[in-house]
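Input: a single structure, listed below in structure tokens.
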Amino acid sequence: MKSLKASGHQLADSAFQLTVLRQEVVDTLHLPPFAEKLRGAGLFPLVPVAPAILQINVGKMCNQVCKHCHVDAGPDRKEIMTRATMQLCLDALAQTDIATVDLTGGAPEMNPDFRWFVEQIHALGRHVIVRCNLTIIVANKKYHDLPAFFKAHGVEVVSSLPFYNAKTTDRQRGDGVFEDSIRALKMLNAVGYGQPGSGLTLNLVYNPNGAFLPGSQKGLQEQFKRALGKDFGIVFNELFAITNIPVSRYLDFLIESGNYAGYMEKLVAAFNPTAAAGVMCRNTISVSWDGYLYDCDFNQMLELHVASTVQHIRDFDAAALAQRSVVINQHCYGCTAGSGSSCGGTTA
Amino acid sequence: MEKTYYNPADLAKFGNISDWQPEMGRKFFEYYGEVFKEGALTEREKALIALAVAHAVQCPYCIDAYTTDSLQKGADEAQMMEAVHVAAAIKGGALLVHGVQMMNKAKDLSM
């Protein structure tokens, strides 16, 4: 399977995605503007709080081509962060007290400077999260020692595993992904990740395998723990239930399957003011592979830059960024539906 | 009157039944909400029971709603189909057990 970009798909163009989301394509759908909902909840304009997380997308290259991927990542994507841009991120970090750096991709480990970057962030005394797709650990011999590397640098590992069986997981992430993910989870468990008392955190990410919202995070976590423990002897810390956001390949799936209108209506109907108040874009700054700044990874993929005089990590200025309002659009309904959604799971 | 008896769009209008009888509607939905909260049974178990009952009562609205709900609650396809088989077994069993009544009557009537 190719990325949307490599296959020349219309939805690879972020401007076209925005026309879809603004209801200029599916004109039978009349959804209230997200800004209107926020205003009703007393949250417009959406303003940031002190940044707690710097989320850095180190590249779109990935060994997987998942059907729901909002990054449109894959082996054919060559956009990756250079060491020079990583250094700019480190310089920015050094002048702030942002406690957590969240590394994402693509498969961040495929960036040739990934390990150097983790070492440098760790040396700055910041907590590092790596969004690991699991299969990268077993994809090539050179990645087999990633669990030990993560452990050595106190990395928190957050891994996607959309279901506790092969059929559902592989349908979303590709043939054989579940089996490889189980192998990788066993390798992480073997060095202590997810083991009680080890201090090594292994969190899993669940996202629905279709056009529906996630159920209770607590209930899903119990099922995953039971099933993965019983069937494979795997342990982990927490399960984060994440709502699929109508961006890129997931947007393509919604349109192709005839679920777009129904899904958007579902998100709007489930708008939760408490979840809206807790959205992660308020305490996160997102950096793209080429160093530009966004309010979140979804805005990054839609090329909705921060509304600030500061646009690039080289000009990072926490005080100036604190003055901005978060850039919103119709896809934001995804993070405010039901129990809310963020890279750390539910928010309400 | 609509051209079909069932319209998928009506599912989202379920709450409208309160328009013509607010107090009973309110009590029903309050009860409904309470029933599906996690209790001695998990929300997933309740969704699967509802899915089975939806098939037994052959309600297309309920099948639509509880297929979605079962997926949302993390049920897998095998669990969902087993739930439908439970409903089928009870429906079939309920029919077949009346065969005993038939047998009793036949025996009463026969020499």
Exercise. Neighbouring Cβ atoms within 10 Å as the yardstick, rank B:Trp20, A:Trp116, A:Trp289 fewest first.
Key: B:Trp20, A:Trp116, A:Trp289
Quiz item: Going by how many other beta carbons lie within 10 Å of each one, how would you line up B:Lys37, A:Lys167, A:Lys218, fewest first?
Solution: B:Lys37, A:Lys167, A:Lys218
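Just need the relative contact order of chain B here, percent rounded to a whole number, with Cα pairs under 8 Å and 6+ apart. All intermediate terms of the calculation are to be shown ahead of the outcome.
On the way: 57 pairs, mean separation 22.6, N = 111.
20 percent.
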Exercise. Please report, in debye to the nearest 20, how large the charge dipole of chain A is about its Cα centre when each Lys and Arg carries +1 at its beta carbon and each Asp and Glu carries -1 there.
Key: 700 debye
Quiz item: Does region A:246-348 classify as rounded, prolate or oblate by the C-alpha gyration tensor (a ≥ b ≥ c root eigenvalues; a/c under 1.5 gives rounded; else a/b over b/c gives prolate, otherwise oblate)?
Solution: oblate
Quiz item: Across 20 Å bins from 0, what is the distribution of all Cα-Cα pair distances for the protein assembly as shown, in whole percents?
Solution: 22, 53, 20, 4, 1, 0
Quiz item: Put +1 on the Cβ of each Lys and Arg and -1 on the Cβ of each Asp and Glu in region B:37-107; which of B:Met81, B:Val100, B:Ala50 then has its Cα farthest toward the positive end of the dipole?
Solution: B:Val100
Quiz prompt | In Hz, Karplus ³J(HN,Hα) per residue of region A:327-343 (6.51, -1.76, 1.60; θ = phi - 60°; x = Gly, Pro) | solution = 7, 10, 7, 5, 5, 5, 4, x, 8, 10, 7, x, 7, x, 8, 8, 5
Quiz item: From the cross-link list B:Lys3/B:Lys91; A:Lys266/B:Lys37; A:Lys37/A:Lys60; A:Lys2/A:Lys218, which pairs have alpha carbons spaced over 28 Å apart?
Solution: B:Lys3/B:Lys91; A:Lys37/A:Lys60; A:Lys2/A:Lys218
Practice problem: Quick one: what are the phi-derived ³J(HN,Hα) couplings along region A:191-197, Karplus 6.51/-1.76/1.60 with θ = phi - 60°, whole Hz, x for glycine and proline? | Solution: 8, x, 4, x, 7, x, x
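Using Cα pairs closer than 8 Å and at least 6 residues apart in sequence, work out the relative contact order for region A:247-348, in percent.
Once divided by the residue count of region A:247-348, the mean separation gives 33 percent.
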Quiz item: Among A:Pro48, A:His68, A:Leu88, whose Cα sits farthest toward the positive end of the charge dipole of region A:1-117 (+1 at Cβ of Lys/Arg, -1 at Cβ of Asp/Glu, about the Cα centre)?
Solution: A:His68
Quiz prompt | Positive-end extreme of charge dipole, region A:244-348 - chosen from A:Ile313, A:Ile328, A:Gly338 (charges on Cβ) | solution = A:Gly338
Quiz item: Using the Karplus equation 6.51 cos²θ - 1.76 cosθ + 1.60 (θ = phi - 60°), what ³J(HN,Hα) coupling, rounded to whole Hz, does each residue of region A:164-180 give in order, writing x for Gly and Pro?
Solution: 9, 9, 6, 4, 6, 4, 5, 5, 8, 10, x, 4, x, 5, 4, 4, 5
Self-check item: Amide H partners (placed H, <5 Å) of A:Asp102, local residues excluded
Solution: A:Leu54, A:Gln55, A:Ile56, A:Ile129
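Classify region A:266-315 as rounded, prolate or oblate, taking a ≥ b ≥ c as the square roots of the eigenvalues of its Cα gyration tensor: rounded when a/c is under 1.5, otherwise prolate if a/b is larger than b/c and oblate if not.
It comes out prolate by the Cα gyration axes.
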Quiz item: Gaussian network model of chain A, Cα springs within a sub-10 Å range: biggest mean-square fluctuation belongs to which of A:Val138, A:Val130, A:Val177?
Solution: A:Val138
Exercise. Give me the percent of DSSP beta bridges within chain A that run antiparallel, rounded to the nearest 5.
Key: 20 percent
Quiz prompt | Whole-Å distance, taken between Cα centres, linking region B:57-111 and region A:200-260 | solution = 31 Å
Exercise. Could you let me know the centre-to-centre spacing of region A:81-143 and region A:291-310, using Cα atoms, in angstrom?
Key: 19 Å
Self-check item: Order of A:Thr169, A:Thr243 under a 10 Å beta carbon neighbour criterion, fewest first
Solution: A:Thr169, A:Thr243
Exercise. Find the relative contact order for chain A and round it to a whole percent, using C-alpha pairs within less than 8 Å whose residues are 6+ positions apart.
Key: 22 percent
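What are the semi-axes of the equivalent ellipsoid for region A:36-190, taken as the square roots of 5 times the Cα gyration tensor eigenvalues, largest first, in whole Å? Kindly include the intermediate steps, with their values, before the conclusion.
Details: eigenvalues 148, 101, 45 Å².
Calculated on Cα positions only, the semi-axes equal 27, 22, 15 Å.
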Exercise. Please state the charge dipole magnitude for region B:21-109, taken about the Cα centre, from unit charges on C-beta atoms (+1 on K and R, -1 on D and E), reported in debye and rounded to the nearest 20.
Key: 400 debye
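Here, each number is a calculation from the coordinates, and none is a lab measurement. Given the structure is predicted, the values throughout are model-derived calculations rather than measurements. As a convention, Cβ positions derive from the backbone with ideal geometry for all residues, glycine included, and neighbour counts pool all protein chains shown.
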